[in-house]
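The block underneath contains the structure these notes are about, expressed in structure tokens.
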Amino acid sequence: MGEAPQVIYDVNGQETDDQNQDSWFEEVIDHDLKWSFSLNSVLHKGISEYQEIALLDTQRFGKALVIDGKMQSAELDEFIYHECLIHPPLLSHPNPKTVFIMGGGEGSAAREALKHKSIERVIMCDIDQEVVDFCRQYLTVNREAFSHKKLHLVINCAKAELEKRKDKFDIIIGDLADPVEGGPCYQLYTKSFYEKTLKPKLNDNGIFVTQAGPAGIFTHKEVFTCIYNTIKQVFKYAMVYTTHIPSFADTWGWVMASDQPFSIGAEKMDKRIQARIDGELLYLNGDWFQSSTIMNKTVSQSLQNETHVYTEEDARFIHGHGVAKRI
């Protein structure tokens, strides 16, 4: 792994030593907006073949994984993102047994999927061995998941892995980094990928879910609405849901889709949580999930009016650049 550019600043905005008690990490949200985290230390930083990586020990949110300058997950509140990503599709499926996770290198998505008693096999496919290795080392909360006998870890491009596999899955999950220009993931948000590669690998009643980027009142048009519009061109049924993630400083969105109706009511979801899941969920229940599918007027209208279809030739990106763009 190569040496990463400096991401650490003191309180006055000057570069400083990693262990300085006044060190800060600044995430650039847009050209005129930054989001800063006070640090205890920098646990790891570098550049892999695919992306710039940092693992930070923040004072407010605990250990935080940062990829290409974007917060991916924080110890204090990652359960919100991962419960929202994993449990709605698994609970909406009548009897999920097999799961394929695209990305998910930190292990949290696999951890949540493995809570379901019906699950027989989870394939976690991440392109970056470096990310997986240091998450296994530093993110102790997921050590049990990484060693679980039902988890099969594959280091490969998710597209290439799905194309070569003969098996199909009940659930396919997009736990991918945000689409940034030059990053490794934006091709996995395209119509051609959904249509030609992903959908054929779902079982007849299979469900697909993906994280779909920021969905706030000022940010939802970046990629959220066009990811939804792209997915609904491919699947008969598609729905969105959102919630606030404190460490992301925004509302976040997901899109869930299938060729079979998959909507269930709040009471049925609560019963399935009780019957199917080992342990207790901290965030998700039936009433909350129903409320999360209701958008405010502005976002709802944007979703209805969106016409852009995500393609490799006509992609949208959130602010920032991946390693390939910077080289």
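The values are calculated or read from the model by the stated rules, or taken from the named source; none is laboratory data. Here the structure is a predicted model, which means the values were calculated and not measured. For neighbour counting, all protein chains shown are included, and Cβ atoms are generated from backbone atoms with ideal geometry for every residue, glycine included. The accessibility values were calculated without ligands, DNA or RNA, using every heavy atom of the protein model including side chains. Shrake-Rupley method; radii C 1.70, N 1.55, O 1.52, S 1.80 Å.
If R0 equals 25 Å, the separation of the Cβ atoms of K149 and N95 corresponds to a calculated FRET efficiency of about 0.80. With contacts taken as Cα pairs under 8 Å at a separation of at least 6 residues, the stretch 118-226 carries a relative contact order of 24 percent. Taking the 1.4 Å solvent-accessible surface of the chain as the whole, the part contributed by carbon and sulfur is 46%. Applying 1/(1 + (r/R0)^6) with R0 = 25 Å to the Cβ-Cβ distance of E26 and L76 gives a FRET efficiency near 0.85. Among E312, E83, E106, which one shows the highest mean-square fluctuation when the chain is modelled as a Gaussian network with alpha-carbon springs under 10 Å? Greatest mean-square fluctuation among the candidates belongs to E312. Only lysine pairs 8 or more places apart or on separate chains count here, and in the stretch 174-327 those with Cα atoms under 17 Å apart total 11. Kirkwood-based Rg over Rh for the chain (C-alpha set), two decimals? Taking Rh as the inverse mean 1/r over Cα pairs, Rg/Rh reads 0.94. If R0 equals 22 Å, the separation of the Cβ atoms of E267 and T293 corresponds to a calculated FRET efficiency of about 0.90. Starting from the Cα gyration tensor of the stretch 43-138, take the square roots of the eigenvalues, sort them a ≥ b ≥ c, and report rounded, prolate or oblate (rounded when a/c is under 1.5, otherwise prolate if a/b is larger than b/c, else oblate). It is prolate, given that a/c is not under 1.5 and a/b is the larger ratio. Among A238, A160, A177, which one moves the most in a GNM of the chain with springs linking Cα atoms closer than 10 Å? Judging by the Gaussian network model, the answer is A160. Sequentially through the stretch 299-312, phi angles give Karplus couplings (6.51, -1.76, 1.60; θ = phi - 60°) of 5, 4, 5, 5, 5, 5, 8, 5, 10, 5, 10, 6, 10, 5 Hz, Gly and Pro residues having no value and appearing as x. For the chain, the share of DSSP beta bridges that are antiparallel, to the nearest 5, is 65%. Summary value for the chain: 17 percent relative contact order, contacts being C-alpha pairs under 8 angstrom separated by 6+ residues.
For the residues I172, I231, I47, a GNM of the chain with alpha-carbon springs under 10 Å puts the largest fluctuation on I47. Neighbours of F235 by Cβ distance under 14 Å: Lys/Arg scored +1, Asp/Glu scored -1, total +3.
Most tightly packed first, judged by the mean number of other beta-carbon atoms within 10 Å of their residues, the peptides 221-229, 28-36 read 221-229, 28-36.
Starting from 0.36 nm per residue, how many nanometres of slack lie between N205 and I217 once their C-alpha separation is accounted for? Don't skip to the answer; put the middle values down first.
Details: separation 12, 0.36 × 12 = 4.32 nm, distance 3.33 nm.
Roughly 1.0 nm would be gained on extension.
Pull out a ≥ b ≥ c, the square roots of the eigenvalues of the alpha-carbon gyration tensor of the stretch 182-295, then state rounded if a/c is under 1.5, prolate if not and a/b is larger than b/c, and oblate in the remaining case. Judged from the Cα gyration tensor, the stretch 182-295 comes out oblate (a/c at least 1.5, b/c at or above a/b).
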